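Please treat every number below as a calculation from the coordinates, not as lab data. Just so it is clear, the model here is predicted, and its values are computed rather than measured. FYI the Cβ positions are ideal-geometry reconstructions off the backbone, even for glycines, and counts take in every protein chain you see.
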Amino acid sequence: RPRRAGVSGSRADGADSIVLAGAYEDDVFGEEEIIYSGSGGRDLQTGKQVTDQEMSGRNLALRRSQETGRPVRVFQLVAAATGECFRYEGLYRVVDHQLARGKAGFQVLLFRLLPVGAAEHSEAVLRPLNDRP
């Protein structure tokens with residue numbers, strides 16, 4: 001399981017959980033949807049995006065979850081009185097993904113997740129990154 005941020009799962013079975021830890025600047029956690037940046041392309045020393053992401057590794061697990069419709073558990077790193085902790089946000093479905101230019105200028109995989117229940121009623125597709133507030 002991921003300890004601070006990332007995707008848990010496999011290419012064959014899909015993602016079983018993700019952690020939102022504020023590591024990727026293109027992530028958006030909203031009340032009605034999550035836009036989750038794929039993994040890869042970051043300099044581990046600086047945390048900055050330094051190259052394009054690719055549909056490989058853990059990103060394939062997220063795509064597999066989209067294909068199967070299997071829900072993904074979402075956790076978020078939050079500040080607490082005792083320090084940082086992980087809060088369970090619920091079950092989500094990956095309903096769409098796209099490759100778009102991120103804030104740092106590199107191609108980033110963006111996965112759209114909706115809460116279970118809401119995902120069954122959504123026909124919307126992922127808006128381009130530059131259309132977001």
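Neighbour counts of C-beta atoms inside 10 Å place Ser10, Ser17, Ser39 in the sequence Ser10, Ser17, Ser39, starting with the fewest.
First check a/c for segment 45-109, with a ≥ b ≥ c the square roots of the eigenvalues of its C-alpha gyration tensor; if it is under 1.5, answer rounded, and if not, answer prolate when a/b is larger than b/c or oblate otherwise. The shape class here is oblate. When +1 charges are put on Lys and Arg Cβ atoms and -1 charges on Asp and Glu Cβ atoms, the dipole computed for segment 6-121 relative to its Cα centre reaches about 260 debye.
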